[in-house]
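Here the structure comes first, spelled out in structure tokens, and everything after it is commentary.
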Amino acid sequence: MGTVIKKKIAGEKETILFIMLCWLTYSCSYIGRLNLSASMSEMVADGIFLKSQAGAVTTGYFLCYGGGQFLSGWLGDKFRPRFLIFIGLLLSAVCNYCISLEPPLWLLATLWSLNGLSLSLLWAPLIRLVSDRVAAERRRKACTALATTMAAGTLMSYLLCAALIEEFGWHASFYVPAVIAAVIAFLWIILTTRIEKDADKTGIDELPSCREAADPEEDVPHDEVPSKLFPLLAVSGLLTMTVVAGVLSILKDCVSTWTPTFLIDAYQLDSVTSILFGTLMPVFGLLGPYMANWIMHKVNDEFSSMFWLFIISSGALALLVLAGRYSLGIAVFCLALTYACSLGQNMLLIGTVPMYFLNVGRVAGVTGVLNASAYFSAAMMSLLTGILVEHLGWTFTITVWMVLSIVASLFCIISRRKWKKFRRNLF
């Protein structure tokens, strides 16, 4: 830990191109992961599966996506991240194409789970690439930009799938994303290979800060900043924050997955109209990372910022339970605000926080563990949501989401002290 590893940083033009390419790649990956959500009602109506079975299918996806995060985090710290991202996109394209052929339910579930495993190879390597290639003073802006990919990708997926379902049926909402993923995969590998080679030849070595250049025995005590991953998580407070990662993922992914179905059930909308109304949620969600940055500027602490975002989302869900049934507008607003808060929290916990671990070589590993916790929780809740909706209704289900949001806010407070101490020791 006493040795400072200098990273090659790309020049200004290459950095801008690189961030734009990362943004495009991750945004487009959402087209091949949310198309099942957008097509769910049509597939249920077509007899492909029941609502409870749909929950099981999405659970398989989240389990494989979550489990793949451990592998992705480990691989991302050891191998060239750009190749992992290329392989993930290409495998996702194959899975989506096969589902468009309307396979039996067991094979569809298997392919969708494999799609989750494929897409798990994207985020942790992407964060490592940003930490390696983008100058320190630009990383926060880069993370903010990348955080908007979730909302932008959701918007693109819903709009595209609504158009495809209207014109060609649900099969096209898997075939077309397969083609897009394949094209983006080859665009990614060609451009990033060139960018990284140019950066290695003509890029600038990022100089260590005064703090990094200080005596490590004096400035960063070895006993307080361990090099092994799980002790590092325990010391930093991130081990307990895995619970928070799980809840924010539940709010982010369950809201985005189930909103079209909720609007159909609660307001008797048709499939295409419900998807179009659902697009208002990611449009509003684009504000989430900027709202998180504004709160972060006020409190100067990631965990405290997440606490306030959970308070806001808890209030939005409470309003949805109490008044959502009287107004479609109120319901969409509450869901959109909850989604926006979760995107802001996701940026802080799974985007910004791992950047602190660059000097100990654990950026992808920390990202992978947090993402795994997030999606294992989302997997369980997606299955439970299908069962709860079918047997107890939407009011009870949304109340469960609200209670989870309140619990997560308490965990932010519990973990905050350790995180502040860790940041002082490391920086």
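Put simply, the stretch 271-427 fits an ellipsoid with semi-axes of 30, 17, 15 Å; these come from the alpha carbon gyration tensor as the roots of five times its eigenvalues, largest first.
Here is how the number arises for the chain: DSSP H runs of 4 or more residues each give -39500 (n - 2.57), the sum is divided by the residue count, and the result at 222 nm is -26500 deg cm²/dmol.
In the stretch 62-87, which residues have a backbone nitrogen under 19 Å from the label point lying 7 Å from Val183's Cα in the Cα-to-Cβ direction? Under cut-off, by backbone N: 86-87. Sequence-ordered 3J(HN,Hα) estimates for the stretch 137-145 from the Karplus curve with 6.51, -1.76 and 1.60 and θ = phi - 60° stand at 6, 10, 5, 4, 5, 5, 5, 4, 4 Hz, glycine and proline given as x. The candidate values are [x] 23.4; [y] 18.7; [z] 21.7; the one derived from this structure for mean projected area of the Cα convex hull in nm² carries the label [y].
Of the peptides 136-146, 107-117, the order by per-residue mean of other Cβ atoms within 10 Å, starting with the highest, comes out as 107-117, 136-146.
Couplings 3J(HN,Hα) of the stretch 251-260, computed from phi: 5, 6, 7, 5, 5, 5, 6, 9, 4, x Hz, in residue order, whole Hz [Karplus 6.51 cos²θ - 1.76 cosθ + 1.60, θ = phi - 60°; x for Gly and Pro].
Normalised by 2.2 N^0.38 Å, where N counts its residues, the alpha-carbon radius of gyration of the stretch 56-204 equals 1.14.
Under a Gaussian network description of the chain, with springs only between Cα atoms under 10 Å, the residue in Tyr290, Tyr26, Tyr326 that fluctuates furthest is Tyr326. Could you tell me the distance between the Cα centroids of the stretch 32-110 and the stretch 376-427, to the nearest Å? That distance is 23 Å.
In this simple spin-label approximation, Leu17 and Ala318 carry label points 7 Å from Cα along the Cα→Cβ vector, and these lie 5.2 nm apart. By how many degrees, between 0 and 90 and to the nearest 10, does the Cα long axis of helix 172-202 differ from the longest principal axis of the chain? Computed tilt is about 10 degrees. Extension gain, Asn300 to Thr273, is 5.6 nm, computed as 0.36 nm per intervening residue step minus the present C-alpha separation. Starting from the Kirkwood Rh over alpha-carbon pairs, what translational D in µm² s⁻¹ does the stretch 26-139 have by Stokes-Einstein at 10 °C and 1.306 mPa s? Result for D is 107 µm²/s. In this simple spin-label model, placing a label point 7 Å from the Cα along the Cα-to-Cβ direction at both Arg194 and Phe230 gives a separation of 4.5 nm. Residues Glu42, Glu196, Glu102, sorted by accessible area with the largest first, give Glu102, Glu42, Glu196 [1.4 Å probe; ligands and nucleic acids excluded].
Taking the longest Cα principal axis of the chain as reference, the axis of helix 363-392 is set at about 20 degrees.
Which of Leu91, Leu191, Leu309 moves most in a GNM of the chain, Cα contacts under 10 Å? Result for the chain, Cα springs under 10 Å: Leu191 fluctuates most. Cross-link pairs exceeding 22 Å between alpha carbons, from the set Lys141/Lys197; Lys141/Lys201; Lys13/Lys201: Lys141/Lys197; Lys141/Lys201. When each of the peptides 162-175, 60-73 is scored by the mean number of other C-beta atoms lying within 10 Å of its residues, the order from highest to lowest reads 60-73, 162-175.
The values are calculated or read from the model by the stated rules, or taken from the named source; none is laboratory data. Keep in mind that this is a model prediction, so the values were computed, not measured. Cβ atoms come from the backbone with ideal geometry, glycine included; neighbour counts cover every protein chain shown. Accessible surface areas use protein heavy atoms only, side chains included; no ligands, DNA or RNA. Shrake-Rupley method; radii C 1.70, N 1.55, O 1.52, S 1.80 Å.
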